[in-house]
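Here, each number is a calculation from the coordinates, and none is a lab measurement. Because the structure is predicted, anything quoted here is derived from the model rather than measured. Here the Cβ positions follow ideal geometry from the backbone for every residue, glycine too, while neighbour counts run over all protein chains shown.
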Amino acid sequence: MALADPALPDFKDCIDATQPNKTFINCCPPAASGIMDYVPSATTVNTRIPAQSVGSDYYNKYMEAIQTMKNLSPSDPRNFRQQANVHCAYCDGGYNQLGSPKLFYEVHNSWLFFPWHRWYLYFFEKICQKLINDDTFTLPFWNWDASQGMQIPYIYTSSVISPLYNCFRNPDHLPPSVIDLDWSYGDKPEDPSTQIKWNLSTMYTQMITQSKTQTDFFGKAYRAGDDITTLDGAGQIEQTPHNNVHSWTGTAFDQSNLIDMGALYSAARDPIFYAHHANVDRMWTIWLNKLGGSNFTDPDWLNAYFIFYNEEANPVRVRVKDCLDLTNLGYQYEDVPIPWLDVSV
Ligand code: C2O
């Protein structure tokens with residue numbers, strides 16, 4: 001038997017993606033030519049901060065970045081809707097697997113989940129920096145694993161017209177509603193202090209008790225020729241709280257269509273998506289730095305690649321192995337308290 005290869009997207013042939021209601025949606029980015037390989041360029045390390053504690057200068061900058069992104073021409077791959085489409089194309093069948101045109105390519109439900117989303121946020125943040133001409137700007141993280149962060153952060157809920165606002169969120173889950181990190185459709189709210197305790201225990205379970213191995217944490221191997229529809233490969237954090245935060249935030253039109261945040265094709269249309277995923281990405285750093293975890297060394301993980309448009313609107317090929325050292329990417333996370341590390345607190 002031949003050695004396996006990484007699962008790769010066929011970026012040249014983007015096709016319509018399939019929405020949960022089985023209708024099709026075109027979320028293909030503008031056609032790319034002259035794809036370049038990524039070269040690390042960071043000279044400084046910026047710190048991503050918790051969304052619940054940003055100041056007004058930061059808030060204004062953040063709004064300016066997202067508004068500018070929304071104002072770009074719809075054909076510009078850095079346009080906000082185009083950025084949301086990147087997520088749609090990479091997860092709802094917009095690409096087939098390179099070399100296996102009968103199998104669609106997918107960045108959820110496998111070991112590609114963490115690295116793909118890290119790269120996606122990396123370019124989104126770079127685009128923000130470029131558009132506001134501030135290379136120290138960072139995305140905030142939605143600190144849903146600490147009690148101070150267990151609501152939709154206020155910067156996303158402003159009732160004045162704000163580019164960070166999104167109307168497709170569950171009206172029952174706006175502040176002061178406390179998030180349920182283990183939420184499923186139909187769950188009734190608990191009183192806030194009970195909910196906070198349960199959330200901390202969910203974090204402890206998912207990050208520590210259930211994430212003993214690399215496969216537990218990252219998800220199962222996904223290689224060339226694997227059928228993602230039967231792989232069932234999501235890691236513990238992807239399953240809970242990642243998926244639950246999505247569905248808790250989104251508005252339910254019916255149980256299978258929780259837009260925007262609750263459905264993959266539309267999730268990244270809500271600016272809060274990027275703060276949610278910054279915290280998911282932060283969990284990766286915590287698992288490595290505080291819980292003794294380590295990255296896979298399997299070449300099919302390290303060499304898997306994705307293609308994104310960068311801040312200059314040029315397509316770039318990035319590999320998983322190039323996102324493992326955050327210093328090269330030029331960011332880190334503020335070292336905020338992690339209350340679930342000792343769940344008895
Ligand atoms: Cu790509 Cu939170 O999903």
Original post:
Which values of log₁₀ I(q)/I(0), to two decimal places, follow from the Debye formula for the range 204-345 at q = 0.12, 0.19 Å⁻¹ with a uniform point scatterer at every Cα?
Top reply: -0.61, -1.50
Subject >> Reach of LYS126 by Cα under 30 Å, taken over lysines that are not fewer than 8 positions away in the same chain >> reply: LYS12, LYS61, LYS70, LYS220, LYS290, LYS321
**OP:** Could you run the Karplus curve 6.51 cos²θ - 1.76 cosθ + 1.60 with θ = phi - 60° over the range 214-219 and give me ³J(HN,Hα) per residue in whole Hz, x for Gly and Pro?
**Re:** 4, 5, 4, 6, 7, x
**OP:** Alpha carbons only, please: Rg and Dmax for the range 82-202, in angstrom.
**Re:** 17.9, 52
Subject >> Order of THR18, THR251, THR229 - criterion: other Cβ atoms within 10 Å of each residue's Cβ, fewest first >> reply: THR229, THR18, THR251
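What order do you get for ASP182, ASP134 when you list them from fewest to most C-beta neighbours inside 10 Å?
Numbers: ASP182 18, ASP134 14.
Fewest to most other Cβ atoms nearby, the residues stand as ASP134, ASP182.
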**OP:** Send over the semi-axes of the range 141-294's equivalent ellipsoid, whole angstrom and largest first, taken as the square roots of 5 times the C-alpha gyration tensor eigenvalues.
**Re:** 26, 19, 15
**OP:** Could you give me the radius of gyration and the Dmax of the range 6-54, taking only the C-alpha atoms into account and expressing both in angstrom?
**Re:** 18.1, 45
**OP:** With only alpha-carbon atoms counted, please give the Rg and Dmax of the range 274-325, in Å.
**Re:** 13.3, 38
Original post:
Want the number for ASP335 to THR229: 0.36 nm per residue separation, take away the alpha-carbon distance, what's left?
Top reply: 34.4 nm
**OP:** In nm, give the distance between the simple-model label positions of ALA313 and ILE161, each being 7 Å from the Cα along the Cα-to-Cβ direction.
**Re:** 2.5 nm
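Which value does Rg/Rh take for the range 153-194 over its C-alpha atoms, Rh per Kirkwood?
Working: Rg = 12.0 Å, Rh = 11.8 Å.
Expressed as Rg/Rh, it is 1.01.
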**OP:** Express in nm, to one decimal, how much length is gained between TYR58 and SER294 on full extension, taking 0.36 nm for each residue of separation and deducting their alpha carbon distance.
**Re:** 81.6 nm
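Please report ILE66, ILE208 as a ranked list, fewest other C-beta atoms within 10 angstrom at the top and most at the bottom.
Placing the least packed residue first, the sequence is ILE208, ILE66.
Rounded to two decimal places and with Rh computed the Kirkwood way over Cα pairs, what is Rg over Rh for the range 17-333?
Numbers: Rg = 18.5 Å, Rh = 19.9 Å.
Reported Rg/Rh, Kirkwood definition of Rh: 0.93.
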Original post:
Considering the zone a paramagnetic label at GLN239 would reach in this model (a point 7 Å from Cα along the Cα-to-Cβ line), which residues of the range 168-209 have amide N under 20 Å from it?
Top reply: 180-187, 198-209
**OP:** Obtain the nm distance between the two label points defined at THR18 and SER100 by a simple spin-label model: each point lies 7 Å from its Cα along the Cα-to-C-beta direction.
**Re:** 1.6 nm
Original post:
On full extension of the chain, what length is gained from LYS197 through THR327, given 0.36 nm per residue of separation minus the C-alpha to C-alpha distance?
Top reply: 43.4 nm
Subject >> All-pairs Cα distance distribution in the range 1-143, expressed in whole percent, bin size 5 Å >> reply: 2, 8, 14, 19, 19, 15, 12, 7, 3, 1, 0, 0
Original post:
Which percent of Cα-Cα pairs in the range 62-135 sits in each 5 Å bin, short to long?
Top reply: 3, 15, 20, 22, 16, 12, 8, 3, 1
